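What follows is a set of notes on a single structure, which appears directly below.
The values are calculated or read from the model by the stated rules, or taken from the named source; none is laboratory data. Since this is a predicted model, take the numbers as computed values, not measurements. In this analysis, Cβ positions are derived from the backbone assuming ideal geometry, glycine residues included, and neighbour counts consider all displayed protein chains. Just so you know, the surface numbers come from the protein's heavy atoms only, side chains and all, with ligands and any DNA or RNA stripped out. Shrake-Rupley method; radii C 1.70, N 1.55, O 1.52, S 1.80 Å.
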Amino acid sequence: MDKNLHILILEDVAAHAQLMQRVLRKAGIPFSGRRVETEEAFLKALKEFKPDVILADYSLPTFDGVSALSKVQENGVDVPFIFVSGAIGEELAIETLKKGATDYVLKHRLSSLAPAVRRALKEAENRRARRQAEEALRKAHDELELKVKERTAELANTNEELKKEIAERKRAEQAVRESEERLSSILESALDAIITIDGQKRIQLFNHAAEQVFRCSAAEVVDEPIDHFLSESFGRLLQKYLKESEQRKKFKRHMWAPEGLIGIRADGDKFPVEATFSQVQVSGQKLYTIILRDINERKRAEAELSKLRLERVYLQEQIKSEYNFEEIVGASVSMKEVFKNIEKVAATDSTVLLTGETGTGKELVARAIHNLSRRKDNVLIKVNCGGLPAGLVESELFGHEKGAFTGAATKKKGRFELADGGTIFLDEVGELPLETQTKLLRVLQEQEFERVGGTQTIQVDVRVLAATNQNLEEAVAQGTFRSDLFYRLNIFPIHIPPLRERRDDIPPLTDHFVKKFSGRTGKGIDSISPKALEKLMRYDWPGNVRELANLLERAVILCEGKVLKPAHLGVTAQHSVSGDAISTLEEAERQLILKALEKTDGVVGGAKGAASLLGLKRTTLLSKMKKLGLY
């Protein structure tokens, strides 16, 4: 590091600034330093001192490091910005990196300051090299286009020359297109592995995609020869290109090898690649850029995309094919409250916890929330946490890498990845193991996770709906459920009442299911007898709406006529409400009307009708029947 650097230090304690300078000088870094502690002095130094590196304390009496970072960005100053603070915690440090800081160093660990400065300067130098390389390619493109125009003018005189011009123009245009494609590939470097080497084939730049392709870090390979990453034939082709660039004044600056090349990863694994070579001048030095694409990875990505499309179609069809209602049926006060809560929370991305007994319709409520949300056009993934094998819970939720455990023959995406952009419904969430609860909490808070056996952090955008038939507060007290996860899930709880607490919904539910199963079986059942309805109303329904649906499906199958009768219902006396039990006034009124209708064979009006038997007007009785769900 021969250049005498300008290092600007934003620090209110002079002794701290002096200590930093001593540490840097002791490490052999030549520099001139300037300390400032106010915003005015900092902005003036940016303009006059022209720093190569900025070291900033996080917190000062009148000015802070984060504000200083914003000022640097606003003024378009592109230099490394390193926080040096004793008060900054890990979370704040990470936040500063997200805002654009280059690095952070704790004051009680100043031994890492010099390495951090060197590393930051190296990264800045690499960024400048990339920009210069891109500018060189653009310049080559402009020069080539200018030559096309000049050549076109020269060949415009004769017919023979015109033919030559057309052929040359086509070749030139093709070269322009190839140049544009190469330039686009460089600008979109995240898609391809980009490696820059010098004339001795030592690696100068190794981008993130190259790290993934060759399975090693840039720090391990920079200044090392590229040969051990190339097969013998690949190495010969590169050597030939380098030799031509040195010996010939005019040579093809860009060369594309679409097939037949083999790359070698750091672990020795060989793979087919397609590659582009190009030469650039950076600060008077010839550098060579190699853009590589893993052909196998591209094919795998295409296959994975096709697989995901099929999975999406499959999952959507699976959801449609599962048992559900066309709509949630219910007119009771408690269900109206549920409907209000669904409408309130659906438009948000908040986590919802659905509670209630088995069979009350928690999944249906979850689907209603999804269908009313902004994510309705994306997939809703259902996961039955209680039905997952104990050893494979994390694999099912978060996926796994190939070889992560015995039997993991291929990489698998988990349910959270499949739900990206949509909603995931975690049914029976109380059954999750404690170790999985920890990972789920991280997904809820950060929307990120790693696959089992993997190290790459995967970001997702997923809304979480959870359901349970357990008392999670008791589970927290017993130590079987994490309290922090419970509070994170319980942001907006919705309780779905059991059917026995909303008996007013039994008649409309019965009508809904009879029509549904009658249509499915091709039977013309159009009603249920008052006696059969009374039997349903007096039953306690331990299995809730699901039990009612299953019972009515069986009844429809058994019924040979057009009216369901008590004999078709498999209701047991064990869970029926006792005749001696005290009922509400509304329930007593319903039972009285049902008995009257049964005695008159369903006739309402007339001298022998139910209205006359009860001493009511026909219109009054019809009004009461409608209110009670009997009409």
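Solvent exposure of the chain, expressed per residue, is 54 Å² of accessible area, with all protein chains present and a 1.4 angstrom probe. Taking the 1.4 Å solvent-accessible surface of the stretch 215-278 as the whole, the part contributed by carbon and sulfur is 50%.
Please give the FRET efficiency for VAL77 paired with LEU97, using the beta carbon to beta carbon distance and R0 = 22 Å, rounded to the nearest 0.05. E between VAL77 and LEU97, to the nearest 0.05, is 0.75.
Beta-bridge orientation, the chain: approximately 45 percent antiparallel, per DSSP, counting only bridges with both partners inside.
As a fraction of the 1.4 Å probe accessible area of the stretch 1-141, surface on carbon and sulfur atoms comes out at 48 percent. Once both labels are positioned 7 Å from their Cα atoms along Cα-to-Cβ, the gap between THR455 and GLU220 label points is 0.8 nm. If you sort TRP541, TRP256 by accessible surface, 1.4 Å probe, largest first, the order is TRP256, TRP541.
Taking 13 Å as the straight-line reach from the Cα of LYS565, the aspartates and glutamates in range (excluding those fewer than 8 positions away in the same chain) are ASP526, GLU534, GLU598, ASP601. When restricted to Cα atoms, the chain yields an Rg and a Dmax of 37.0, 118 Å, respectively.
Annotation: ARG130 carries an accessible surface of approximately 100 Å², with a 1.4 Å probe and no ligand, DNA or RNA atoms counted.
Based on the Kirkwood approach, the hydrodynamic radius assigned to the stretch 196-287 is 13.9 Å, with every pair of different Cα atoms included. Based on C-alpha pairs under 8 angstrom that are at least 6 apart in sequence, the chain has a relative contact order of 7 percent. How far apart, in nm, are two points set 7 Å out from the Cα along the Cα-to-Cβ line at LYS299 and at LEU392? Output for this residue pair reads 2.8 nm. The slack between THR438 and ASP377, meaning 0.36 nm per residue of separation minus the straight C-alpha distance, is 19.0 nm. Keeping all protein chains in position, work out how much accessible area ARG202 exposes to a 1.4 Å probe, and write it in Å² to the nearest 10. ARG202 exposes around 100 Å² with every protein chain in place.
Solvent-accessible surface of protein heavy atoms, probed at 1.4 angstrom with all chains present, puts SER67, SER245 in the order SER67, SER245, largest first.
With each label point set 7 Å from Cα along the Cα-Cβ vector, what nm distance links PHE492 and GLU40? Output for this residue pair reads 5.1 nm. If the chain linking GLN447 and ARG554 were pulled fully straight, counting 0.36 nm for each residue of separation and taking away their Cα-Cα distance, it would gain 34.1 nm. Ranking ILE262, ILE203 from most to least accessible surface, computed with a 1.4 Å probe over the protein chains only, gives ILE262, ILE203. Considering only alpha-carbon pairs that sit under 8 angstrom and 6 or more positions apart, the relative contact order computed for the stretch 356-485 is 29 percent. For the pair GLU337 and ARG546, a Förster radius of 30 Å applied to the C-beta separation gives a FRET efficiency near 0.90, rounded to the nearest 0.05. Each Lys or Arg adds one and each Asp or Glu subtracts one; over the other residues with Cβ under 14 Å from the Cβ of PRO225, this totals -3. Note on ARG138: accessible area approximately 90 square angstrom, rounded to 10, probe 1.4 Å, nucleic acids and ligands left out.
In plain terms, the bigger the Kirkwood radius, the slower the diffusion; for the stretch 481-545, with that radius from Cα pairs, at 37 °C and 0.692 mPa s, Stokes-Einstein puts D at 225 µm²/s. In plain terms, the chain from GLN174 to PHE405 could stretch by 78.2 nm, reckoned as 0.36 nm per residue minus the Cα-Cα distance.
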